[in-house]
Amino acid sequence: MKDSGASEAHAAPVAVGVVGVGNLGRHHARLYAALPGAHLVAVVDRDPVRAREVAAASGCEALSDPADLIGRVRAVSVAVPTNAHCEVAEPLLAAGIDVLVEKPLARTLADADAINAAAARTACLVMVGHSERFNPATDVLLATVSKPRFIEVHRLGAFSTRSLDIDVVLDLMIHDLDLVLHLDGSEPVSIDAVGVHALTDTVDIANARIRMASGCVANLTASRISAERVRRVRVFQERTYLSCDTGERLVERYRLVPGTGSGDAPRIVHDRLEVEPGEPLALELTAFLDAVRTRRRPLVDGRQGRRALELAQRVRQAIDEGPVGAATRAP
């Protein structure tokens with residue numbers, strides 16, 4: 001399990017704020033209010049009723065302007081709609097505040113670069129909320145994979161009005177694009193992708209096949225209009241197959257074990273790997289607080305957030321330039 005900041009348990013709590021307390025940001029507030037390493041000063045939201053509701057539940061102040069946090073907090077979670085990530089994060093970073101930006105880092109690479117440049121100017125930290133990197137099941141998978149040859153990912157979710165400002169590639173698939181980059185370590189060299197509009201004006205279902213420089217191939221499917229919730233990663237490497245269900249926190253391994261003698265046939269050995277308990281978002285926020293205290297580079301920093309965003313943009317471009325010329329609309 002990665003270091004969750006337990007060594008800093010007796011340090012002074014970090015003064016934090018949350019900007020945007022909708023579907024996800026309210027959970028940031030809830031967890032900060034409960035974490036011993038945080039002192040939640042205030043939440044900010046353009047909806048004053050929502051801000052007051054979350055503030056009352058979390059025992060903090062309700063504000064309407066992120067600028068009102070300046071001088072009062074050391075770190076901030078930014079959980080506003082993706083289009084506003086740069087608009088909110090850049091002034092906070094310019095004021096010397098460390099920032100955790102929910103994934104994706106930004107809507108465009110230009111905005112991502114602006115966020116990272118603002119952080120560099122003031123020596124502030126940027127962490128990106130790729131929460132699957134903090135999932136205990138993902139921890140086990142990452143520790144077990146060595147040289148993947150084929151990666152298969154299915155991430156399916158029910159329709160929600162959350163994050164309709166972005167398509168399914170930036171909303172859901174980007175989790176797995178980040179994981180593929182981390183699991184393989186090399187650069188993508190070719191991408192084939194298709195996408196379908198179904199319930200919204202953006203792509204709701206997407207599939208991408210990515211070939212990495214290492215030779216590994218990744219096949220990713222993401223949908224936000226599924227009848228069931230699926231979060232499954234399968235990795236094939238030499239003599240080993242790993243199945244990781246990040247929703248159920250279950251990791252299974254199948255290994256080909258050679259025979260011990262001339263007449264002893266090889267066999268498949270199956271085992272279930274131990275996964276520690278823990279809520280990914282709580283672990284993510286704890287890691288952020290630890291990075292703020294120690295000034296260590298966050299596990300998922302702005303550079304890695306940009307890299308995942310760049311790959312997502314390439315997938316989206318491949319959808320637009322595919323054999324049908326553009327993302328298709330379901331009948």
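The values are calculated or read from the model by the stated rules, or taken from the named source; none is laboratory data. Predicted model only: the values in this text are computed from it and were never measured. Using ideal geometry, Cβ is built from the backbone for each residue, glycine included, and neighbour counts are taken over all protein chains shown.
Quick look at the values:
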| item | result |
| --- | --- |
| Scan of segment 261-310 for residues that are of a type in the set (Gly, Ala, Ser) and surrounded by fewer than 11 Cβ atoms within 10 Å (Cβ to Cβ), ordered by number | GLY261, SER262, GLY263, ALA265 |
| Whichever residue in segment 111-168 is basic (Lys, Arg) and in a strand (DSSP E or B) and, among such residues, is surrounded by the most Cβ atoms within 10 Å (Cβ to Cβ) | ARG155 |
| Checklist (1) more than 23 Å from ASN23 (Cα to Cα); (2) in the same structural domain as VAL18 (by TED's automatic domain parsing) applied to PHE150, failing item | (2) |
| Complete set of residues in segment 89-100 that are surrounded by fewer than 22 Cβ atoms within 10 Å (Cβ to Cβ) and either in a loop (DSSP other than H, G, I, E, B) or in contact (Cβ under 8 Å) with a residue 60 or more places away in the chain (or both) | ALA95, GLY96 |
| Those residues of segment 244-278 which are among the aliphatic types (A, V, I, L, M), without any contact (Cβ under 8 Å) to a residue 40 or more places away in the chain and not in a loop (DSSP other than H, G, I, E, B), in sequence order | LEU256, VAL257, ILE268, VAL269 |
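Matching residues to (1) at pLDDT 95 or above; (2) surrounded by 22 or more Cβ atoms within 10 Å (Cβ to Cβ); (3) over 12 Å from ILE151 (Cβ atoms):
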{"position": "SER186", "(1), (2), (3)": "yes, no, yes"}
{"position": "SER190", "(1), (2), (3)": "yes, no, yes"}
{"position": "ALA193", "(1), (2), (3)": "yes, yes, yes"}
{"position": "ALA206", "(1), (2), (3)": "yes, yes, yes"}
{"position": "ARG209", "(1), (2), (3)": "yes, no, no"}
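So that you can scan it fast, the table gives a plain yes or no per residue for (1) assigned to a strand (DSSP E or B); (2) of a type outside the set (Val, Ile, Thr); (3) more than 21 Å from LEU289 (Cβ to Cβ):
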site: HIS27; (1), (2), (3): no, yes, no
site: TYR32; (1), (2), (3): no, yes, no
site: HIS39; (1), (2), (3): yes, yes, no
site: VAL49; (1), (2), (3): no, no, yes
site: ALA62; (1), (2), (3): yes, yes, yes
site: ASP68; (1), (2), (3): no, yes, yes
site: ARG72; (1), (2), (3): no, yes, no
